[in-house]
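Structure record follows, encoded as structure tokens.
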Amino acid sequence: MKNLKVFVIVIIVILGITILSVFLNKEDAITKSMPKKSFQVIDINAGENIYTYNSYIYTYGKAGVKIFKDEKLLLNDKFSIENPYVATNNDKFAITDKNSKVIRVYSSEGNMYIINSKFNILGFSINKIGSCAVILKNQDNYEIDVFDKSGKLIYSVKDINYLEGIPINVAISDNEEVLAVSYAKTQGASLDSNIVLYSIKDNKLFGGFIKNNQFVGIIKFLTNTNLIGISEKEIFIIKVPLKAGNKEEQPKEIYKNPLNNILRFVKFIDDKGYVICYGENTTNDKNTMKENEIIFYNTSGGVVGKYYNKDKVITNLWANKFGAVIGEGRNFIGLDTSGNKLWEYQATQDIKNVLFYDDKNSIAIETNNKIKIVKIDKILFDAQIDENSSETTTIEQNKETSTKYVKESTQTTTKSAKEKTETTTKQEQNKEATTNKQN
């Protein structure tokens, strides 16, 4: 009887080992059966970032700017830069350094022009033809300069003092007709914004909109006539006459969307509109968006697409004319401009950027020192494009990884810029008070 028990135990152990072996071999077989994908690799320096437009890749960092088409290097513009700030629009790309006096402007064909300013650059924007609007700070006041696509100075707003407002952001229409400026101004305990429209060719101011108790940190021309503004309280669109200063047609607000959520990410889709990832609720209003909900809007503010997964936390968002890529930890989802899921990429390492490249089924994946360009169908695993990846990459693994990311409420640019403006305004007021006292 005792021998029979031992025999049964041995059989059970052998059976268990056999089952486990079959299971493990099955998993290994699945991994080995994943087809390898052909992909291109571009080596980059650690710390560099990338921007894509169609089949062009712009890399930028402390050593300068490079432009690639496929793997071919088209431009290598070497210069030293410590803290790069960039502005992009279609294939136009502009870069400056913190507290610099120089802006370099590029297109997919290479160098366009260089702006050399007398004063420090505080902010700038670029339109789709390469015109650039720049906010400057001299010793006492602010100035705004506009340069055409050849780099020629075509318009200036000079001697702006803090009593008029501090220029926070600028935008220039694609037809070079209109300059829009968002000014921030303190009125007692409140902070207001004033959106001012200037006719570049007529050299005059022709319209303005006041936003009380709001900080409008973002303005951008979605079309030649539609200017979007985004504050912490609302999104609005101003319709600007196609011909600036037209007395028969005045600028007017055509869209307003009160915000009941923090805006976690806002990205613009060239010539098509914009996409927003909403964060946590800020009110109890019934019209609040779901946290981590993605909404696509057209150039008039109409909703054209949605995406939502209640089990996921959005940790990043990129967008261009092909759609949007959302990051959920190390899992990445490609969406078209209607919010439909195109593909999924599951990474086993930290990824800096995942951008559409050339079409909606091609992506550029940036790691710390490489760019991988690969075609993607429905799903892509790291093991298919990297022999050194871990052998198993499953949806369940990535689900567990995603939940480890702590949800962050990122009211980023607007909040930090608002605090900066309040501090700057107080400093200017204190400076004036000291001067008056001395006098």
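The values are calculated or read from the model by the stated rules, or taken from the named source; none is laboratory data. Bear in mind that the values here come from a model prediction, so they are computed numbers and not experimental data. When we count neighbours, we look across all protein chains shown, and the Cβ atoms used for this are built from the backbone with ideal geometry, even at glycine.
Looking at the range 320-332 only, could you name the residues that are of a type in the set (A, V, I, L, M, F, W, C) and either in contact (Cβ under 8 Å) with a residue 40 or more places away in the chain or over 24 Å from GLY47 (Cα atoms) (or both)? Scanning the range 320-332 gives PHE322, ALA324, ILE326. Could you list all residues from the range 96-145 that are closer than 22 Å to ASN203 by Cα and aliphatic (A, V, I, L, M)? The answer is ILE115, ILE126, ILE129, ALA133, VAL134, ILE135, LEU136, ILE144.
Scanning the range 343-360 for residues that are in contact (Cβ under 8 Å) with a residue 60 or more places away in the chain and either touching a Lys or Arg at 6+ places or on another chain (Cβ under 7 Å) or part of a loop (DSSP other than H, G, I, E, B) (or both) yields LYS352, ASP358.
The residues of the range 105-116 that are buried (at least 17 other Cβ atoms within 10 Å of the Cβ) and touching an Asp or Glu at 6+ places or on another chain (Cβ under 7 Å), listed by number, are SER107, SER108. Taking first residues from the range 259-280 that are more than 18 Å from LYS220 (Cβ to Cβ) and at pLDDT 95 or above and partners that are of a type in the set (Asp, Glu) and in a strand (DSSP E or B), the Cβ contacts under 6 Å between residues at least 6 apart in sequence or on separate chains come to ILE262/GLU280.
A count restricted to the range 47-75 and to residues that are over 22 Å from SER100 (Cα atoms), under 19 Å from the mean Cα position of the chain (by Cα) and not hydroxyl-bearing (Ser, Thr, Tyr) stands at 2.
Test ILE373 against the stated conditions and say whether it is in a loop (DSSP other than H, G, I, E, B) and either at pLDDT 90 or above or of a type in the set (A, V, I, L, M) (or both).
No, not satisfied.
Yes/no per residue for (1) touching a Ser or Thr at 6+ places or on another chain (Cβ under 7 Å); (2) under 26 Å from ASN111 (Cα atoms); (3) at pLDDT 95 or above:
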residue	(1), (2), (3)
GLU143	yes, yes, yes
ILE154	no, yes, yes
LYS158	no, no, no
GLU164	no, no, no
SER182	yes, no, yes
GLY188	no, no, no
TYR198	no, no, yes
PHE206	yes, no, no
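Taking every residue in the range 139-167 that is touching a residue at least 60 places away in the same chain (Cβ under 8 Å) and outside any loop (DSSP other than H, G, I, E, B) and pairing it with any residue that is surrounded by 15 or more Cβ atoms within 10 Å (Cβ to Cβ) and among the basic types (Lys, Arg), at least 6 positions away or on another chain, the pairs with Cβ-Cβ distances below 8 Å are ILE166/LYS185.
Take the conditions (1) within 19 Å of the chain's Cα centre (by Cα); (2) assigned to a strand (DSSP E or B); (3) crowded, with 21+ Cβ neighbours inside 10 Å; ILE314 misses just one of them, which is (2). Of the set (1) over 14 Å from the mean Cα position of the chain (by Cα); (2) assigned to a strand (DSSP E or B), all apply to ASP285 but (2). Residue count for the range 91-121 under the criterion of being farther than 17 Å from SER150 by Cα and assigned to a loop (DSSP other than H, G, I, E, B): the result is 6.
Among the residues of the range 124-183 satisfying the criterion of being on the phi > 0 side of the Ramachandran plot and not small (Gly, Ala, Ser), which is surrounded by the most Cβ atoms within 10 Å (Cβ to Cβ)?
Just the residues of the range 124-183 that are on the phi > 0 side of the Ramachandran plot, to begin with: 130, 151, 159, 165, 176.
Retained after the next criterion (residues that are not small (Gly, Ala, Ser)): 159, 176.
Numbers: ASP159: 11, GLU176: 20.
Per the criteria, the residue is GLU176.
Specify the residue that is farthest from ASN226 (Cα to Cα); the eligible residues are those in the range 274-303 that are of a type in the set (A, V, I, L, M, F, W, C) and buried (at least 17 other Cβ atoms within 10 Å of the Cβ). Here the answer is MET289.
Please state which one of LEU259, LEU242, LEU227, LEU222 is buried (at least 20 other Cβ atoms within 10 Å of the Cβ), over 19 Å from the mean Cα position of the chain (by Cα) and either under 28 Å from LEU153 (Cα atoms) or among the hydrophobic types (A, V, I, L, M, F, W, C) (or both).
The unique qualifying residue is LEU259.
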